[in-house]
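Data block below; observations after.
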Amino acid sequence: MRLVKQSLRLKVSVLLLSMAAVGCSQPKPVMPGTNIIPVKAWIVLGPSAGEQIGGNSNRGCRLTQAEINQFRAQLISNRKAFSPKLNILWTMADQEVIHDPGIPVFGLRRRDAEAFQQQVVKAGNWNDQFLNIYFCGNIEVNGQAVEGTTRDPGTGSDAPRIIINDGGGTASSGSFAYYVHNTLEHEWAHYLLRRSNVPPYDSGEHVPAGSQNVLSLDLIPPVIVPSSEQSEITTRVMNGTWNLP
Amino acid sequence: MWLRIQILAIMAIIAMMGIPMNVHAEPDYVAQLARLRELAQKQSISSQELAEARALLERIRSDAPKGARDVSDSLLSIVEIGKDNVIGPLAVPAACEKADAQGADRFVKFIQGLVAEIQRRPPSNKERSTIGAAAVVSAFWGEGARSIAGTTTQPRQLLDTVIEATTAPASMLPPDVRQKALLLVADSAIAPTVRKEYALRFISLRRNEPAPNGFAQLFSAVDFPKLRELIHPPNDAPETFSYGAADLLAHHGDKAALPDLKAFLDRHAVGKPTPEGMIRWNIWQIEQQHPPAKLLEYIRGTDQRAGEEGRIWAMKRALELRIDKQFIRDAVLAHAEAVKANGPTYSLSSLKKAAIDCRVLNTNDLPEVVIAQSPATP
């Protein structure tokens, strides 16, 4: 089993290197012909170099490493709900800690999603060989607090990605890991299910039939994804046609 | 002959029976409600049925009378029955909108029961029994709750439910839904004096949070002594300091709060990134209002200590203090020019959006600054 895993890792590495060598410029988190989605986690701390992972009053992410590991373990254990064929490659090596210079040190702990996209994600903190997941403090979408947010990969948008907030909101201290709401699975479902011929921000997107749970109005386990969407994900993953869904 | 007469008589009776039936024909919404009830009873819903339910709800919302007892009762029972499939949460806005006073009171009691149910069985529990409850509660705190606030005879019971749901552990409501619930305290059809009482209760219970959006407008100088007590903790215990009260006093520029804020900063906040940032922000807000012209100075400049967030606050506060709108507009445009001269303009997009919302700018101003159109979905 271990040998199989090592061999798989080796194949993945070779594939990644060869993809990098041919100069892939488009986001391609799925490896064509495999059933693997490689994930890279970015832990986004506040501007002060003194902030550490898990700091209870950080301006940036307050999640502990154990909580991030729990997000990862839960997503991997739920992966078959998205597609029986799906595998996720997310190792500790594929994690990077960065400091976001744009989080104001003065005032409420708030950061706009679009400004974050421009100032952090597109400023070199993004890798087109991975599905990039950012663990942040309190990123808001149009002034609204959210558990997580997804940038659409289906319409060829620039630097698609997933953001997960730490649940501390604007409060002076404390955090709440949203894995109990299946937030990462929820955002992952947005990422996997977007279609190029459907407006990505369709108002019905959060109440799809058959997926009462993972994309529905509530965010509570277990993860349910309709079989039609499962088969579509399988097709995409196996063909590696991620940007041409 | 006798037979013919009998037949004619029977036909006449049938016709007579038919007339009143035609006069009292059931309106379309009765059949629509019945169909919706059928869908709500199903274990699972197909895509076609979901589309049908949405269309039915749209027609019920446009055709059925508001406040009619049968419609109100019927929609509430559809929410109750359908809470474990997707129909219940979907029907919440219509049920709230059509409720009469008695229906609104029943709805408040129903939501209160669901909140208690979720508290008993928190979301980390994998039992499916609370899934519907959480979905209905989440769907309630938008336009539905606002309609109910205007109809219910029990506004305190509704606000008790807001406090219960928003001061519970963070697992209770998603943050966007929590914000919507608190807006019911900040601004709704319920009397301002009652809402202020609940706003005070919230900031007393959630001491490590800043004041939610809209709370500042409920308070005035007469409330300052009470708020000052909340930032002057007995025995200097930092856990009893209220960041919400500090926020409200700072928003209103209460100079008398400065000594307590500065003392708390020195003793308990320096070196802790978020508490320090929040208290420094509050001190800055007060100092920035004495004199109020300093607000314009900050808007116009390129000082980024408080970021665009600070600039937006300064603009809104200047409007509240009735500074001439033309001066504020000039300051925003001068700031935009200074930013444009120094590099990318994406930092201006939230300021431009807020300025348009406040009618300080119009949509034709700053055409080179793009306002993001929902770039990502929650």
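Descriptive notes on the structure:
- Restricting the stretch A:143-190 to residues that are among the polar types (S, T, N, Q) and at the interface with chain B (Cβ under 7 Å from one of its Cβ atoms), the residue that is most open to solvent (accessible area, probe 1.4 Å): A:Q144
- Evaluation of B:Q112 against the conditions (1) over 13 Å from B:A133 (Cβ atoms); (2) of a type in the set (S, T, N, Q); (3) under 18 Å from the mean Cα position of the chain (by Cα) shows that the sole unmet condition is (1).
- Residues of the stretch A:96-119 include at least one that is open to solvent by 20 Å² or more (accessible area, probe 1.4 Å), more than 14 Å from every other protein chain (Cβ to nearest Cβ) and more than 27 Å from B:V370 (Cβ to Cβ).
- Residues of the stretch B:206-235 classified as under 16 Å from B:R317 (Cβ atoms) and in a loop (DSSP other than H, G, I, E, B), total: 7
- You will find that of B:G144, B:G150, the residue that is within 14 Å of another protein chain (Cβ to nearest Cβ) and at pLDDT 90 or above is B:G144 and no other.
- The stretch B:236-249 - residue that is away from chain A (no Cβ under 11 Å) and crowded, with 23+ Cβ neighbours inside 10 Å and, of those, farthest from B:R317 (Cα to Cα): B:A245
- Odd one out for A:N78 among (1) of a type in the set (S, T, N, Q); (2) more than 18 Å from A:L192 (Cα to Cα); (3) within 14 Å of chain B (Cβ to nearest Cβ); (4) open to solvent by less than 40 Å² (accessible area, probe 1.4 Å): (2)
- The residue pairs whose first member lies in the stretch B:298-325 and is under 16 Å from B:G214 (Cα atoms) and facing another protein chain (nearest Cβ under 10 Å), whose second member is part of a helix (DSSP H, G or I) and open to solvent by 80 Å² or more (accessible area, probe 1.4 Å), and whose beta carbons are closer than 8 Å, counting only pairs six or more residues apart or on different chains, do not exist in this structure.
- Subset of the stretch A:34-65 that is among the small types (G, A, S) and not in a strand (DSSP E or B) - its residue that is nearest to A:G174 (Cα to Cα): A:S57
- Tabulated pairs, the stretch A:172-186, first among the aromatic types (F, W, Y), second open to solvent by 40 Å² or more (accessible area, probe 1.4 Å) and not in a helix (DSSP H, G or I), C-beta under 9 angstrom, 6+ apart or interchain: A:F176/B:P169
- Residue match in the stretch B:158-180 (condition: open to solvent by 70 Å² or more (accessible area, probe 1.4 Å), at pLDDT 95 or above and either hydroxyl-bearing (S, T, Y) or outside any loop (DSSP other than H, G, I, E, B) (or both)): no
- In the stretch B:318-345, residue farthest from A:Q118 (Cα to Cα) [restricted to those that are within 28 Å of the chain's Cα centre (by Cα) and open to solvent by less than 80 Å² (accessible area, probe 1.4 Å)]: B:L321
Residues are listed down the side, and each one gets a yes or a no for (1) closer than 22 Å to A:A73 by Cα; (2) among the acidic types (D, E); (3) assigned to a strand (DSSP E or B):
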site: A:N125; (1), (2), (3): no, no, no
site: A:Q129; (1), (2), (3): yes, no, no
site: A:T149; (1), (2), (3): yes, no, yes
site: A:A159; (1), (2), (3): no, no, no
site: A:S175; (1), (2), (3): yes, no, no
site: A:E185; (1), (2), (3): yes, yes, no
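- Answer residue from the stretch B:51-88, given it is among the acidic types (D, E) and more than 14 Å from chain A (Cβ to nearest Cβ) and is least open to solvent (accessible area, probe 1.4 Å) among those: B:D73
- All of B:A211, B:A189 fail the test of being farther than 19 Å from B:L248 by Cβ, touching a Gly at 6+ places or on another chain (Cβ under 9 Å) and open to solvent by 10 Å² or more (accessible area, probe 1.4 Å), apart from B:A189.
- Meets criteria (within 12 Å of chain B (Cβ to nearest Cβ), touching a residue at least 60 places away in the same chain (Cβ under 8 Å), crowded, with 19+ Cβ neighbours inside 10 Å and in a loop (DSSP other than H, G, I, E, B)) for A:G137: yes
- From B:T302, B:T363, residue being closer than 29 Å to B:K262 by Cβ and open to solvent by 40 Å² or more (accessible area, probe 1.4 Å): B:T302
The values are calculated or read from the model by the stated rules, or taken from the named source; none is laboratory data. Nothing here was measured: the structure is a model prediction, and the numbers come from that model. Here Cβ is always computed from backbone atoms with ideal geometry, including for glycine, and neighbour counts include all displayed protein chains. Quick note on the areas: whole protein, heavy atoms, side chains included, nothing else; ligands and nucleic acids left out. Shrake-Rupley method; radii C 1.70, N 1.55, O 1.52, S 1.80 Å.
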